[in-house]
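Everything on this sheet refers to the single structure shown next.
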Amino acid sequence: AGAAAPLEVPEGGEVSVRTADEFLAAIGSNRTIVIDTGLLDLSTASDYGVLGGEHYFWRDWYDGPELVIRDVQNLSIRAAPPFPAMPTFWPSWTAPASAYPV
């Protein structure tokens, strides 16, 4: 298994995701990713820790793979109601805390 093909999202559009693979495929510029689940378990991604996609890669960190988002502009990530304002990622170190500028 490898990285999912990027999702086609209209510029400035929203895409709703429920799984790690959907989330990773949705990463791109000029869009909002709406996480429609209370917990997004990135460790279930088909390429977890070994590969990456067009706009992300996994960095080997001291306590496990960390998601790094790269080469995107104007990307928003939010949770859908009634979930918390900030989505919960699991394992906690996989949260996309790193972003590389274009």
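The values are calculated or read from the model by the stated rules, or taken from the named source; none is laboratory data. This is a predicted model, so every value here is computed, not measured. Note that we place each Cβ from the backbone using ideal geometry, even for glycine, and neighbour counts take in every protein chain shown. These accessible areas exclude ligands, DNA and RNA; they are computed on the full protein's heavy atoms, side chains included. Shrake-Rupley method; radii C 1.70, N 1.55, O 1.52, S 1.80 Å.
I need every pair where a residue in the stretch 1-18 that is under 16 Å from residue 42 (Cβ atoms) and open to solvent by 70 Å² or more (accessible area, probe 1.4 Å) has its Cβ under 6 Å from the Cβ of a residue that is at pLDDT 75 or above and part of a loop (DSSP other than H, G, I, E, B), sequence separation at least 6 or different chains.
These pairs meet every condition: 1/46; 18/36; 18/37.
Would you mention how many residues in the stretch 28-51 are buried (at least 17 other Cβ atoms within 10 Å of the Cβ) and part of a strand (DSSP E or B)?
Residues flagged as buried (at least 17 other Cβ atoms within 10 Å of the Cβ) and part of a strand (DSSP E or B) within the stretch 28-51 amount to 5.
Whether any residue in the stretch 72-84 is modelled with pLDDT of 75 or more, part of a loop (DSSP other than H, G, I, E, B) and open to solvent by less than 50 Å² (accessible area, probe 1.4 Å) is what I want to check.
Yes, the stretch 72-84 has at least one match.
Being assigned to a helix (DSSP H, G or I) and within 18 Å of residue 74 (Cβ to Cβ) is the filter here; which residues of the stretch 2-23 pass it?
Of the stretch 2-23, the ones assigned to a helix (DSSP H, G or I) are 20-23.
Across the stretch 2-23, the qualifying residue is only 23.
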